[in-house]
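Okay, so here's the structure we're looking at.
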Amino acid sequence: MPAALKGSAIKPKLEGPTVAVSVKSVNMVYDGVHAVRSASFDLETGKFLTILGPSGSGKTTLLRLIAGSQRPTSGEIFINGAAVSAVPPHKRSIGMVFQKLALFPHMTAAENVAFPLKMRRSDARAIPARVERYLDMVRLGGYGTRRVHELSGGQQQRVAIARALVFEPDLLLLDEPLAALDRKLREEMQLEFRRIQRELGVTTINVTHDQREALVVSDEIIVMDRGEIQQKARPSETYRSPSNAFVANFIGVTNFLDAPDGERRAIRAEKIRIAPTRHGLVGADTIVEGIVADAIFEGERVVYEVRVASLGDSLLRVFDHDPSAHSQLEPGSAVYLGWTAGDVLEFKP
Amino acid sequence: MRAAKSAYPLTWRIMDALEAFAAFVWPARFGRAIPWLMLAPALLLVGLLVLGLWQIGDVSLRTLDTSTFLMSEAYTLANYQRAFTESLFAVVAWRSLAGSLIVTVVTLTLAFPYAYVMVRTSSPTTRKLLLIALFLPFFIGQVVRAYGWLIILGNQGMVNEALGLVRIAPIRLLYNYWAVLFGLVQYMLPFAVLMLAPALTAIPEELEAAAGSLGADWARTFRHIVLPLARPGLVGAGLVVMTLSLTDFAMPAILGGGSQDFIANAIYDQFFRTSDQGLGSTLALLLVAAGSMLVGLVFTLFGAGTLAVGRARR
């Protein structure tokens with residue numbers, strides 16, 4: 001059946017989980033530097049995966065290897081069971097939204113969306129209706145005749161998404177397309193990505209350095225650092241039980257507590273309670289004394305930096321989510337910090 | 001002392017001194033005149049050109065008295081009539097026009113891949129080599145280069161000697177139309193590449209990657225993405241190559257050997273061989289008119305924005 005005639009935008013639910021993407025011991029070496037080191041993971045069909053990591057962690061390289069714009073030094077990538085290392089990008093069934101969108105400036109929005117259909121030699125008579133349907137899906141119905149530069153940043157994002165999805169690819173790749181947007185628009189587009197992905201059920205891999213985005217949009221998160229996969233888990237699991245100190249530090253605000261036995265212990269900023277007196281911390285397993293070094297009012301919460309003498313004079317960050325419970329504590333004032341033993345994260349050295 | 005120097009480097013002090021000097025000779029209250037001051041040199045040149053053109057226009061309306069070799073006092077359109085009716089001038093005009101068109105098409109065809117590789121190559125060594133190869137001929141004047149071709153392509157030249165080694169009789173390679181066009185293409189190539197390179201640099205590389213991921217192979221990416229986006233550069237380069245070829249003198253004179261005159265050669269003959277300044281001026285004005293019409297035509301077809309003049313078309 002030609003791609004243009006495939007039924008509705010919503011693909012039928014497959015029976016049981018199938019693996020859409022399988023990365024097997026992939027290495028990528030540039031000039032002796034391991035950009036990606038023995039990366040292996042499987043991704044189920046229809047899932048939204050985010051590869052999260054700081055710049056230079058190898059996340060973009062991993063995405064490019066899947067997209068096919070680069071070939072791995074060793075290892076193999078399978079898409080729907082087929083090895084793809086020898087397949088050039090234009091023969092892979094992958095829709096990609098680029099960091100700078102890469103919309104074609106000499107075409108209208110509709111022409112941009114029609115481009116992949118034309119390149120894949122779809123039935124010319126079916127193209128206009130299909131382009132219109134996908135523009136509707138990204139809520140750009142009626143904007144088809146606009147040129148790219150006549151659209152706002154958010155609208156351009158939507159055109160890029162429609163263009164990447166209109167040919168019903170097996171896989172959607174997002175190469176940090178939201179990085180350049182302002183915060184409000186970015187958060188709106190995150191939800192939009194999520195909605196569209198759920199609507200179409202397309203397997204998606206997203207790359208970002210924004211931990212909030214990873215938590216909001218994903219079914220699963222891979223955290224990468226220095227070319228290696230640190231953890232692959234559901235967002236809540238990644239947040240609640242990070243597999244190592246790097247993950248704990250990269251996602252959320254984490255205080256590391258010095259431990260004499262070499263095992264690293266940490267506590268999240270929001271798990272520490274703060275009070276001017278000991279009585280305010282009933283139920284805490286551990287209570288320490290400290291001096292407020294800085295208090296930052298952020299609206300819905302106050303962030304305190306507290307210097308704790310008993311922990312080697314280290315600064316602990318504390319989120320106080322109920323600032324109205326007591327008046328804001330001024331820098332220099334003596335406070336008590338408390339937490340329960342169950343909230344302490346422990347990592348093997 | 002050292003710290004103070006680095007905090008306020010010598011170049012800044014020099015700039016300060018220059019600014020103080022500028023403020024002395026051109027006080028701030030003259031500020032509104034600065035744009036005009038900046039335009040002055042160019043306006044002066046254009047003014048001289050217009051004056052010269054006026055003079056040429058005046059002479060073109062006078063005929064040469066062959067008995068006294070003086071220009072007539074009375075104005076007449078006789079020169080224009082000759083220019084439009086004598087078949088020699090029609091042949092020369094047609095030869096120049098057709099030649100410049102062919103040279104433009106061939107030059108752009110050759111320059112485009114060269115510029116593309118130069119812009120897109122990931123190897124700095126390749127880019128440097130291509131740039132050096134491009135600029136070397138620039139240091140050799142057009143006339144010297146034409147003589148170089150005489151040495152290479154002459155009857156006893158390198159090419160014919162090489163052919164002699166494989167027992168092929170010498171071929172007459174020079175003093176024909178194709179020799180002139182060949183010389184012109186070789187002369188124009190660096191201009192075209194230099195004008196195309198910035199236009200190609202302006203096309204983001206990820207557009208080509210995007211086209212690839214959307215299912216376009218190399219050839220279709222080129223046709224649907226690279227070529228349309230390179231249009232401003234192609235139009236600009238084409239315009240420069242065309243006008244330079246149309247008005248060229250040295251290549252037709254040297255590689256054509258007098259048998260392949262372009263308009264500029266005909267003008268030269270009128271001024272310096274037959275001393276008919278009137279007819280020479282007429283031909284010169286007609287050449288200016290033809291060139292201006294070509295440029296005007298290109299601007300109406302593609303818009304002045306193609307030369308990055310004015311605002312981009314919306």
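Taking the stretch A:231-249 as the range and being in contact (Cβ under 8 Å) with a residue 60 or more places away in the chain and open to solvent by less than 50 Å² (accessible area, probe 1.4 Å) as the test, the residues that pass are A:PRO242, A:ASN244, A:ALA245, A:ALA248. Going through (1) over 24 Å from the mean Cα position of the chain (by Cα); (2) within 12 Å of chain B (Cβ to nearest Cβ); (3) surrounded by 22 or more Cβ atoms within 10 Å (Cβ to Cβ) one by one, A:VAL97 falls short only on (1). Within the stretch A:72-94, the residues that satisfy the criterion of being more than 16 Å from A:LEU172 (Cα to Cα) and more than 9 Å from chain B (Cβ to nearest Cβ) are A:PRO72, A:THR73, A:SER74, A:GLY75, A:GLU76, A:GLY81, A:ALA82, A:ALA83, A:SER85, A:ALA86, A:VAL87.
Hey, among B:ASN155, B:ASN160, which residue is open to solvent by less than 20 Å² (accessible area, probe 1.4 Å), over 26 Å from B:GLY238 (Cβ atoms) and without any contact (Cβ under 8 Å) to a residue 24 or more places away in the chain? Selected residue: B:ASN160, the only one of B:ASN155, B:ASN160 that is open to solvent by less than 20 Å² (accessible area, probe 1.4 Å), over 26 Å from B:GLY238 (Cβ atoms) and without any contact (Cβ under 8 Å) to a residue 24 or more places away in the chain. For the stretch B:160-268, the helices (runs of 4 or more DSSP H) that sit wholly inside it and include 3 or more residues that are out of contact with any Lys or Arg (no Cβ under 6 Å at 6 or more places or on another chain) and within 14 Å of another protein chain (Cβ to nearest Cβ) are B:205-213, B:218-221, B:231-246. Here the condition is being out of contact with any Ser or Thr (no Cβ under 8 Å at 6 or more places or on another chain), among the charged types (D, E, K, R) and closer than 28 Å to A:THR18 by Cα; of A:GLU220, A:GLU192, it holds for A:GLU192 alone.
All conditions but one from (1) in contact with a Ser or Thr (Cβ under 9 Å, 6 or more places away or on another chain); (2) exposed (fewer than 15 other Cβ atoms within 10 Å of the Cβ) apply to B:ALA202; the one that does not is (1).
Of everything in the stretch A:100-151 that is among the hydroxyl-bearing types (Ser, Thr, Tyr) and under 24 Å from A:ALA67 (Cα atoms), the residue that is surrounded by the most Cβ atoms within 10 Å (Cβ to Cβ) is A:TYR134.
What do you reckon, is B:LEU129 in contact with a helix residue (DSSP H, G or I) (Cβ under 7 Å, 6 or more places away or on another chain) and either of a type in the set (Asp, Glu) or open to solvent by 80 Å² or more (accessible area, probe 1.4 Å) (or both)? Talk me through it step by step, then tell me what you get.
Values: in contact with a helix residue (DSSP H, G or I) (Cβ under 7 Å, 6 or more places away or on another chain): no; either of a type in the set (Asp, Glu) or open to solvent by 80 Å² or more (accessible area, probe 1.4 Å) (or both): yes.
Here the answer is no, as B:LEU129 does not meet what is asked.
Number of residues in the stretch B:269-279 that are open to solvent by less than 50 Å² (accessible area, probe 1.4 Å) and part of a helix (DSSP H, G or I): the value is 4. The residues of the stretch B:173-215 that are of a type in the set (Ser, Thr, Tyr) and touching a strand residue (DSSP E or B) at 6+ places or on another chain (Cβ under 8 Å) amount to a single one, B:SER213. Every test in (1) farther than 30 Å from B:GLU205 by Cβ; (2) open to solvent by 30 Å² or more (accessible area, probe 1.4 Å); (3) of a type outside the set (Phe, Trp, Tyr); (4) assigned to a helix (DSSP H, G or I) is passed by B:LEU136 save one, and that test is (1). If you go through the stretch A:271-327 and keep only what is hydroxyl-bearing (Ser, Thr, Tyr) and either in contact with a His (Cβ under 9 Å, 6 or more places away or on another chain) or part of a strand (DSSP E or B) (or both), you end up with A:THR286, A:TYR304, A:SER314.
The values are calculated or read from the model by the stated rules, or taken from the named source; none is laboratory data. Everything numeric in this text was worked out from a predicted model, so none of it was measured. Note that each Cβ is placed from the backbone with ideal geometry, even for glycine, and that neighbours are counted across all protein chains shown. These area figures cover heavy atoms from the full protein model, side chains too; ligands, DNA and RNA do not enter into them. Shrake-Rupley method; radii C 1.70, N 1.55, O 1.52, S 1.80 Å.
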